[in-house]
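Read the structure below first, then the notes.
The values are calculated or read from the model by the stated rules, or taken from the named source; none is laboratory data. Here the structure is a predicted model, which means the values were calculated and not measured. Cβ: placed from backbone, ideal geometry, glycine included. Neighbour counts: every protein chain shown. To get the accessible areas, we keep the full protein, side chains included, count just its heavy atoms, and leave off ligands, DNA and RNA. Shrake-Rupley method; radii C 1.70, N 1.55, O 1.52, S 1.80 Å.
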Amino acid sequence: MNSFELSPAIPQLPSGNIEKTAAFFEQSLGFEVAAKLNNNTFLIVKRGPAEIHFWQAEDETSAREIAQESSCYIRVKNVPALFADLKARGAKFRYELKVMPWGMNEMQIDDPFGNAIKFGEPV
């Protein structure tokens, strides 16, 4: 039997406007744009080892409809420090840092098209 190792999963989420998504992730969440591909219809953002991909939806309305069902969960070491960083950047939270019944200290920010971006760490 061959041995293998899985790498972290990378979410691929809808965007109604790649430029708006890139600006939001850079300014509000401290990510950097790693790539814009296919005539600006595909975006890769990274912050440290965390990576999220976005694809251009047909239009902003379609992106918002799809994003109602989309989310991304990023595990963090020292989530209180990230929370302080995001607050200092002026990020708007759906909910601020709190301990959840499933044992995670987490927070959520929605991107401009409604994708839920959650950050958390085990309590």
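Residues of segment 23-44 that are touching a residue at least 24 places away in the same chain (Cβ under 8 Å) and among the hydrophobic types (A, V, I, L, M, F, W, C): Phe24, Phe25, Leu29, Phe42, Leu43.
Residues in segment 108-123 that are surrounded by fewer than 22 Cβ atoms within 10 Å (Cβ to Cβ) and not hydrophobic (A, V, I, L, M, F, W, C): Gln108, Asp110, Pro112, Gly114, Lys118, Glu121, Pro122. Being out of contact with any helix residue (DSSP H, G or I) (no Cβ under 7 Å at 6 or more places or on another chain) and not in a helix (DSSP H, G or I): is that true of Phe54 here? When the stated conditions are applied, Phe54 does not pass them. Tallying residues that are at pLDDT below 95 and either within 12 Å of the chain's Cα centre (by Cα) or surrounded by 14 or more Cβ atoms within 10 Å (Cβ to Cβ) (or both) within segment 48-70 yields 1. For segment 72-89, residues that are open to solvent by 40 Å² or more (accessible area, probe 1.4 Å) and either at pLDDT below 95 or hydrophobic (A, V, I, L, M, F, W, C) (or both) total 3. Of the listed requirements (1) under 22 Å from Pro8 (Cβ atoms); (2) in contact with a Ser or Thr (Cβ under 8 Å, 6 or more places away or on another chain), Gln56 misses just one: (1). The residues of segment 65-88 that are touching a residue at least 12 places away in the same chain (Cβ under 8 Å) and not in a helix (DSSP H, G or I), listed by number, are Gln68, Ser70, Ser71, Cys72, Tyr73, Ile74, Arg75, Val76, Lys77, Asn78. Residues in segment 28-47 that are under 13 Å from the mean Cα position of the chain (by Cα) and not hydroxyl-bearing (Ser, Thr, Tyr): Leu29, Gly30, Phe31, Glu32, Val33, Leu43, Ile44, Val45, Lys46, Arg47.
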